[in-house]
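The values are calculated or read from the model by the stated rules, or taken from the named source; none is laboratory data. Keep in mind that this is a model prediction, so the values were computed, not measured. Note: ideal-geometry Cβ built from the backbone for every residue, glycine included; neighbour counts use all protein chains shown.
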Amino acid sequence: MSDVAAQPTPNLLANGWIKSGLIVLGLVAAAIVGARIDPTGTIHAIFVDPFNQMAQAPDLLAQTIWEGLVSGVLYALIALGFVLIFKASGVFNFAQGIMVVFAALTLVGLYEKGVPAFLAVVLTLGVMFALAVTIERVVLRPLVNQPDIILFMATFGITYFLIGFGEAIFGGNPKQMIAEQLYLPKGAIDLKILGGIVSLQKIDIAAAIIASLMIAVLALFFQYTRIGRALRAVADSHKAALSVGISLNQIWVIVWFTAGIVALITGIMWGARSDVSFALEIVALKALPVLILGGFTSIPGAIVGGLIIGIGEKLGEFYWGPLIGGGIESWLAYFIALGFLLFRPQGLFGDKIIERI
Amino acid sequence: MNAHSMAVAGAPVTHKGEVLLSVESISLRFGGVKAITDVSFDIRKGEVRAIIGPNGAGKTSMLNCINGFYHPQEGRITYKGVRRDKMRPHRAAAAGIARTFQNVALFKGMSTLDNIMTGRTLKMRKGFFWQALRHGPAMNEEIEHRKVVEDIIDFLQIQHIRKLPVGKLPYGLQKRVELGRALAMEPELLLLDEPMAGMNLEEKEDMCRFILDVNNQFGTTIALIEHDMGVVMDLSDRVVVLEYGRKIADGTPAEVKADQRVIDAYLGVAH
Amino acid sequence: MFYREAGQYKTNYAADMAVFPLRQDRIGIAVILAIAFIGIPLLGNDFFIASVMIPFLVFSLAAIGLNILTGYTGLISLGTAAFMGVGAYSCYKLTTFFPGVNIIVLILVSGLFSAAIGVLFGLPSLRIKGFYLAVATLAAQFFLQWAFVRIPWLFNYNASGAIEVPQRTLFGLPITGASATPETRYFVCLGLVVVLTWFASNIVHGKLGRSWMAVRDMDIAAELMGIKLLNAKLTAFAVSSYFAGVAGAMMIFLWYGGGEANDVFTIRLSFTILFMVIIGGLGSLIGSFFGAAFLSALPTALKFGLPALGVPIGGAAAEHVTFMLVGALIIIFLIVEPHGLARLWQIGKQKLRTWPFPY
């Protein structure tokens with residue numbers, strides 16, 4: 001082929017994976033060359049030194065990855081709530097993060113009022129159901145067939161209402177999660193591996209197990225039940241689902257209630273690691289980059305995306321953060337997602353969208 | 001019929017003008033789905049060229065290739081003697097190709113006037129600074145283009161809806177506004193995607209008249225997709241027929257009408 | 001009966017294309033400007049001017065900025081506060097480098113830095129839309145907020161980590177710093193807001209504004225009309241961020257008199273401004289003012305108004321009620337009138353036009 005220069009191999013580069021792979025390769029090559037030329041400078045500090053540190057202290061690396069894994073599981077749980085609602089109602093539920101806080105606060109608040117722990121869990125589920133019904137009645141039903149962006153903004157309204165409501169009832173102070181009363185394990189397991197000690201919190205292990213169980217149950221529910229099928233139909237088209245006799249109202253209540261259960265479990269797990277407060281609201285926003293990575297409709301995507309973001313940001317903070325002053329955890333997740341978006345706008349597991357005109 | 005021989009400018013004497021646009025054996029795929037397979041035809045200056053075919057024959061995809069929204073994987077498109085099969089839509093617009101859409105694609109939040117004014121965007125040159133002042137040169141420019149737009153509004157007889165938001169207009173009027181918006185670009189080649197779909201008889205007659213007037217008065221070359229065979233036979237100078245993404249016939253309305261493959265395609269014969 | 005266009009004929013296109021084609025509207029604007037420039041400074045006390053009017057003006061400008069992006073161009077942004085911060089910090093650095101230059105000029109110039117940063121974070125908007133873009137703007141919000149705190153050069157290595165507003169004068173009168181009176185600060189704010197609103201109005205009524213709305217309503221068709229999507233989106237980001245930046249500089253220099261990013265330019269502020277735009281009316285400049293007036297006055301009204309009416313309410317409780325009210329109002333507006341207060345205003349005007357007849 002003589003005119004290769006005129007048409008730079010379009011078929012090869014059209015593939016997002018190959019393109020990003022080539023870019024990564026290029027960066028690695030540039031880094032190696034740069035590090036050779038300049039063994040103490042910036043390039044060395046960015047591209048070589050962190051890897052040296054990882055190799056020298058594998059126990060620290062393992063610990064960092066574990067930490068990342070755990071926060072990743074929690075991001076994934078929040079993202080899961082988003083995905084459930086998005087899949088079944090096409091609503092991008094910005095309020096999922098605040099639902100987590102609200103569920104946890106209700107649980108702790110009820111316990112503080114003297115309700116036994118497990119009864120409090122049941123009552124909290126009742127509250128989440130009431131919330132689902134209310135949201136369906138007050139917000140979703142009047143907004144059927146509105147553009148997605150309107151529904152998206154309506155969930156901002158839900159977020160703010162729940163913040164005000166939660167703070168008005170439970171106060172703005174951080175609270176302790178009732179982890180012991182719910183028989184959640186405490187303490188840590190210290191593994192002597194990799195020439196050091198890697199400490200695993202039992203609660204984190206429990207979180208990972210519970211999260212996997214829940215995801216399995218949800219997947220089965222979606223795949224094999226009549227309601228699951230109806231949910232998928234509604235996700236495709238409100239109008240079409242209505243026309244074949246699926247009750248939108250019922251489906252929405254179910255789906256928002258399911259998201260509420262997921263929120264409660266997330267809230268318990270999260271609360272057991274730190275405390276229950278509205279600071280979680282900002283952390284919950286990190287579920288958004290997770291969704292970008294995983295795609296809005298994919299449950300496995302939410303998990304994988306959560307783990308990538310969790311581990312990525314912990315590694316970034318620990319090994320690269322100090323180079324530019326630390327605290328980069330607050331924005332790194334968004335940049336990972338943003339970089340990813342430029343190569344694969346539909347997410348890891350999302351379908352490619354063909355625009356029709 | 002050999003399409004390549006037809007692409008030679010001015011070969012048959014029976015047709016108007018020289019070749020404005022030629023499509024040479026283009027193919028378009030979406031993943032594994034073949035939308036267009038090896039289609040060639042040309043559009044001559046000043047003619048009304050119809051593209052017809054059953055649903056899913058690749059007609060709209062063909063228009064999308066011509067104005068740069070899709071890029072065919074194979075073949076070439078030559079417009080005014082320049083090869084341009086990788087052109088972006090806004091470049092196609094700058095080169096004088098305007099179009100309307102099958103499902104009206106108006107700017108719903110804007111008034112009729114503003115919609116048609118957007119068609120003048122490429123012709124307006126005053127910079128950001130003057131626009132921010134909205135006096136002097138920018139205002140003169142706005143007025144000058146407003147006059148052109150008012151002429152189009154008069155031509156299409158839509159004076160009464162000038163300031164109404166187009167989202168609330170009846171369908172037939174929306175189609176007319178969309179035609180107006182395309183005309184405002186003063187295109188050399190006007191692509192009309194089912195300009196009469198969903199219209200009643202009276203609206204169709206009006207639209208036919210507008211299309212013929214545009215062709216006669218401004219000499220605009222028109223390529224149109226239409227299902228109504230009567231309309232196609234009356235309006236067009238030449239017709240190209242697509243079926244399953246392939247060209248099955250090309251010629252004057254009378255020739256096409258007599259073609260056995262076209263009759264089969266429309267009446268449905270087992271393949 | 002009094003608000004009617006009967007008898008007002010336009011004999012040329014310029015008159016027909018005026019922003020306020022009706023004589024009564026022009027009179028109305030003149031009256032509002034007269035109240036703003038003469039009535040309020042004469043009648044309002046310092047508290048009213050400093051705690052109600054100045055915040056209202058600053059928020060209005062920020063809301064206009066966001067409305068250009070979200071209302072006119074259809075791109076959702078959750079990073080407005082960060083772009084406001086860029087304006088504030090640029091202005092601070094400019095006052096340090098050019099102490100002799102008039103502060104009003106510096107405030108206007110600092111918007112340019114914000115515009116540049118806005119364009120940078122607007123670049124992904126070509127490939128991503130809707131929710132995805134909202135997340136991209138969150139990247140701007142958190143990254144810039146981090147930068148304001150972690151890069152000490154930005155706040156001149158102050159021990160407080162905050163912007164310390166120096167005293168600057170105009171015609172010998174202090175307009176920034178501790179000794180500037182609320183009235184002078186108010187006049188500066190008002191002047192800036194009036195001029196910039198006039199620019200905004202001109203732009204949205206011209207070619208650029210039409211391109212933005214075309215992109216918002218149907219981007220594919222817009223591209224086929226010859227509008228370059230990247231250009232349209234990036235100019236929207238630039239102009240929007242410019243307004244946000246100027247608003248941010250005004251916020252610190254003319255309202256707060258100093259401050260730190262983590263207290264001021266937070267995601268909460270971004271949301272507040274987005275809500276102003278939604279409640280006021282997407283795609284309406286006058287709506288930006290309505291939304292800003294409503295949401296900036298609401299907390300103050302609850303905090304000071306309810307106790308004055310004899311309803312006991314603490315500061316914290318007032319804040320909670322504000323949150324609940326704002327949340328509820330967002331939902332109510334989206335359900336009842338997605339075009340916000342601006343549409344209610346239009347409907348009111350339409351009713352007035354035909355009054356006392358029903359139509």
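Structural remarks
- Helices (runs of 4 or more DSSP H) (entirely within region A:211-327) containing at least 1 residues that are out of contact with any helix residue (DSSP H, G or I) (no Cβ under 9 Å at 6 or more places or on another chain) and farther than 30 Å from A:GLN181 by Cβ: A:226-236, A:238-243
- The requirement of being crowded, with 19+ Cβ neighbours inside 10 Å and either assigned by TED's automatic domain parsing to the domain that holds B:ALA223 or over 15 Å from B:VAL241 (Cβ atoms) (or both) is satisfied by B:PHE69.
- Residue in region A:109-132 that is under 18 Å from A:SER247 (Cβ atoms) and either surrounded by 17 or more Cβ atoms within 10 Å (Cβ to Cβ) or of a type in the set (Gly, Ala, Ser) (or both) present: yes
- In region A:160-177, the residues that are in a helix (DSSP H, G or I), crowded, with 16+ Cβ neighbours inside 10 Å and either among the hydrophobic types (A, V, I, L, M, F, W, C) or within 7 Å of another protein chain (Cβ to nearest Cβ) (or both): A:TYR160, A:PHE161, A:LEU162, A:ILE163, A:GLY164, A:PHE165, A:GLU167, A:ALA168, A:PHE170
- Taken over region C:104-130, the criterion of being facing chain A (nearest Cβ under 7 Å) and either in contact with a Pro (Cβ under 6 Å, 6 or more places away or on another chain) or free of Cβ contacts under 8 Å to residues at least 12 places away in the same chain (or both) is satisfied by C:ARG127, C:ILE128.
- Counting only helices (runs of 4 or more DSSP H) that sit wholly inside region A:45-139, those with at least 1 residues that are hydroxyl-bearing (Ser, Thr, Tyr) are A:58-89, A:96-112, A:117-134.
- Scan region C:147-171 for residues that are among the aliphatic types (A, V, I, L, M) and part of a helix (DSSP H, G or I) and the total you get is 3.
- If the condition is being under 29 Å from A:ALA62 (Cα atoms) and touching a residue at least 60 places away in the same chain (Cβ under 8 Å), then region A:177-190 contributes A:MET177, A:ALA179, A:LEU184.
- Per-region count, region C:319-354, residues without any contact (Cβ under 8 Å) to a residue 40 or more places away in the chain, assigned to a helix (DSSP H, G or I) and within 14 Å of chain A (Cβ to nearest Cβ): 13
- Yes/no for B:ASP250 being outside any loop (DSSP other than H, G, I, E, B) and surrounded by fewer than 20 Cβ atoms within 10 Å (Cβ to Cβ): no
For every residue, the table says whether it meets (1) of a type in the set (Lys, Arg); (2) closer than 24 Å to A:VAL101 by Cα; (3) modelled with pLDDT under 85; (4) buried (at least 21 other Cβ atoms within 10 Å of the Cβ).
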{"position": "A:PHE257", "(1), (2), (3), (4)": "no, yes, no, no"}
{"position": "A:ILE261", "(1), (2), (3), (4)": "no, yes, no, no"}
{"position": "A:THR266", "(1), (2), (3), (4)": "no, yes, no, yes"}
{"position": "A:LYS286", "(1), (2), (3), (4)": "yes, yes, yes, yes"}
{"position": "A:GLY305", "(1), (2), (3), (4)": "no, yes, no, yes"}
{"position": "A:ILE308", "(1), (2), (3), (4)": "no, yes, no, yes"}
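- Of all residues in region C:277-306 being buried (at least 21 other Cβ atoms within 10 Å of the Cβ) and polar (S, T, N, Q), the one that is farthest from C:MET324 (Cα to Cα): C:SER284
- Taking the criterion of being loosely packed, with under 11 Cβ neighbours inside 10 Å and either closer than 21 Å to A:GLY245 by Cβ or in contact (Cβ under 8 Å) with a residue 40 or more places away in the chain (or both), the residues of region A:214-233 that qualify are A:TYR224, A:ARG226.
- Residue within region A:88-103 that is hydrophobic (A, V, I, L, M, F, W, C), modelled with pLDDT of 85 or more, crowded, with 22+ Cβ neighbours inside 10 Å and touching a strand residue (DSSP E or B) at 6+ places or on another chain (Cβ under 8 Å) present: yes
- Hits in region C:289-318 - residues which are more than 8 Å from every other protein chain (Cβ to nearest Cβ), within 24 Å of A:ALA154 (Cα to Cα) and free of Cβ contacts under 8 Å to residues at least 40 places away in the same chain: C:LEU298, C:PRO299, C:LEU302, C:ALA318
- Count - residues of region B:208-239 that are crowded, with 16+ Cβ neighbours inside 10 Å, at pLDDT 90 or above and hydrophobic (A, V, I, L, M, F, W, C): 9
- Taking region C:144-156 as the range and being within 7 Å of chain A (Cβ to nearest Cβ) and buried (at least 20 other Cβ atoms within 10 Å of the Cβ) as the test, only C:TRP146 passes.
- Checking each residue in region C:20-65 for being outside any helix (DSSP H, G or I), out of contact with any Lys or Arg (no Cβ under 8 Å at 6 or more places or on another chain) and closer than 23 Å to C:SER284 by Cβ picks out only C:LEU22.
- Residue-level check: of (1) surrounded by 19 or more Cβ atoms within 10 Å (Cβ to Cβ); (2) over 23 Å from A:LEU84 (Cβ atoms); (3) in contact (Cβ under 8 Å) with a residue 60 or more places away in the chain, A:TRP331 misses just (3).
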